[in-house]
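The values are calculated or read from the model by the stated rules, or taken from the named source; none is laboratory data. Since this is a predicted model, take the numbers as computed values, not measurements. Here Cβ is always computed from backbone atoms with ideal geometry, including for glycine, and neighbour counts include all displayed protein chains. Keep in mind that these areas ignore ligands, DNA and RNA; they rest on the heavy atoms of the full protein, side chains included. Shrake-Rupley method; radii C 1.70, N 1.55, O 1.52, S 1.80 Å.
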Amino acid sequence: MTGVDPVLTAFAAEVGPDGPVTVAGGRTRWDRGGAVDPSARVLTAPSGVVEHQPDEMIVRVRAGTTVAELTSVLAAAGQRCALPDRGGSVGGAIAVGENHLEVLGRGTLRASVLQVRYVSAEGRVITGGGPTVKNVSGFDLPRLMTGALGTLGLLAEVILRADPIPAVSLWLEADAVDPVTVHAAVLRPSCVLWDGERVRVLLEGHAPDVAEQRDRLARLATFVDCDGPFPLPPHRWSLTPAEALDVGRSSDGSIVSVSVGTAWRTMAQPPRPVSSPVRGISERLKHNFDPTGRLNPGRCVWT
């Protein structure tokens, strides 16, 4: 794993050390953070699941691989990961940093990225992180690259943490029940959604545990089986948990992920103000990683 990988070396050579450049995956979130300067060369990251170690619950996968392909490989071994499948690539999903709808059960995407190998602004392959936390020291590059929109480095390959697919997954729905109370009533719901009137909750685990959690919910309201989550509006908003609940109370068709601070709405989220210290730190990071601004020019993480 630490040796020279000719596939990644070839990708680095394609990126090179000069000129504006960007990497396109499935383009499902292509405009996130602003439009890329049209002068940038558009490249494709290498693809393929390189290695899956089910016993260690880790997978090494190249950034151009579709999330659907990775999901299929993991499912064959009874496992899954934290990446949301919206038709895009692994690298694109990590660059955007969007958590799975079932983040309460699967964990955050940032925590699941154990190692990144990316091409720097100088055209070199850089490795950060490792397959086990105890073997890693220094700057936490995987967490930094997650959600950076490819502005600090172009993702080539990652190691992700996987987890077992639960024996039972059960979606339930109830009317006129407080979503915060629902979240608190069960031990570890994988997802709690609220549309301002109804609550849908995903229970996962072994059959006896799921049955016990269902009994707890039955003390709050009449919950019935349902097919899955609510249909989600097109625009995802990042909010505090309290702000998200306020959105849910608006009853305008928005869907709220309870305790997570995420809402889906029919309109795009307006830009949020960024404090001067945060802006300053972000600009210094960008300059240190990409002094000439050649990586994904036009994109900004706070846009």
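Leaving ligands, DNA and RNA out of it, work out the accessible area of R41 with a 1.4 Å probe and give it in Å² to the nearest 10.
Near enough 90 Å² of accessible area.
When all C-alpha to C-alpha distances in the chain are sorted into bins of 10 Å, what percent of pairs does each bin hold, rounded to whole numbers?
6, 26, 31, 24, 11, 3, 0
Assuming R0 = 41 Å, what is the FRET efficiency of H287 and V73, from their Cβ-Cβ distance, to the nearest 0.05?
The value I calculate is 0.60.
Please list, by residue number, everything in the range 100-131 whose backbone N is under 20 Å from a paramagnetic label point 7 Å out along Cα→Cβ of V4.
What the label zone holds, given the 20 Å backbone N cut-off, is 117-128.
Leaving ligands, DNA and RNA out of it, report the carbon-plus-sulfur percent of the accessible area of the chain at a 1.4 Å probe.
Taking all protein chains in place, the chain shows 54 percent carbon and sulfur surface.
What net charge is computed for the residues neighbouring V125, neighbours being all others with C-beta under 11 Å from the C-beta of V125, Lys and Arg scored +1, Asp and Glu -1?
Charge balance near V125 sits at -1.
Taking only the alpha-carbon positions of the range 57-154 and ignoring solvent, what does the Debye formula give for the base-10 log of I(q)/I(0) at q = 0.24 Å⁻¹?
-1.44
Under a 10 Å cutoff between Cα atoms, tell me which one of P233, P46, P273 has the largest fluctuation in the Gaussian network model of the chain.
Of the options given, P273 has the highest mean-square fluctuation.
Counting only residues 5 or more places away or on other chains, whose amide H sits under 5 Å from the amide H of V260 once H atoms are built in the peptide plane?
Amide H neighbours of V260: none.
Give the accessible surface of the range 1-134 per residue, rounded to a whole number of Å², with probe radius 1.4 Å and ligands, DNA and RNA excluded.
I get 44 Å² per residue for this part.
Tally the DSSP beta bridges in the range 1-143 and give the antiparallel ones as a percent, rounded to 5.
Of the beta bridges lying entirely in the range 1-143, close to 75 percent run antiparallel.
Could you tally the net charge around A45, taking each other residue with its Cβ under 9 Å from the Cβ of A45, Lys/Arg +1 and Asp/Glu -1?
Computed value for this residue: 0.
In degrees from 0 to 90, rounded to the nearest 10, what is the angle of the helix 276-289 Cα long axis to the longest principal axis of the chain?
Tilt of helix 276-289: around 40 degrees.
By the scheme Lys and Arg +1, Asp and Glu -1, what is the net charge of all other residues having a beta-carbon under 14 Å from that of A24?
Residues near A24 contribute +2 overall.
With each pseudo-label sitting 7 Å past Cα toward Cβ, what's the D85-S39 distance in nm, one decimal?
4.1 nm
Provide D195, D215 ordered by accessible surface of protein heavy atoms (probe 1.4 Å), highest first.
I get D215, D195, largest accessible area first.
Give the residue list of GluC sites (Glu not before Pro) in the range 132-223 that are DSSP loop and have at most 15 other beta-carbon atoms within 10 angstrom.
Filter output for the range 132-223: E197.
Residues in the range 149-191 near a label at D225, defined as backbone nitrogen under 14 Å from the 7 Å Cα→Cβ point?
Those under the cut-off are 168-173.
Run the numbers on the chain and let me know its relative contact order in percent, using alpha-carbon pairs under 8 Å that are six or more apart.
In percent, rounded to a whole number, it is 19.
On average, how much accessible surface per residue is there in the range 158-303, in Å², for a 1.4 Å probe, leaving out ligands, DNA and RNA?
I get 52 Å² per residue for this part.
Just by accessible area at a 1.4 angstrom probe, what is the order of H235, H206 from largest to smallest?
H206, H235
Would you please report the Å³ per residue occupied by the convex hull of the alpha carbon atoms in the range 236-303?
111 Å³
Mean residue ellipticity at 222 nm from the helices of the chain, using -39,500 (n - 2.57) per DSSP H segment of n ≥ 4 over the full residue count, to the nearest 500 deg cm²/dmol?
-7500 deg cm²/dmol
Mind listing P(r) for the range 212-266? All alpha-carbon pairs, 5 Å bins, whole percents.
Taking all Cα pairs of the range 212-266, the binned fractions are 4, 19, 21, 19, 18, 15, 5, 0 percent.
Using only the alpha-carbon atoms, how far is helix 67-76 inclined from the longest principal axis of the chain? Give it as 0 to 90 degrees, nearest 10.
Tilt relative to the chain: about 60 degrees.
More than 22 angstrom separation, counting every C-alpha pair in the range 119-250; what % is that?
Counting pairs separated by more than 22 Å, the tail of P(r) holds 56 percent.
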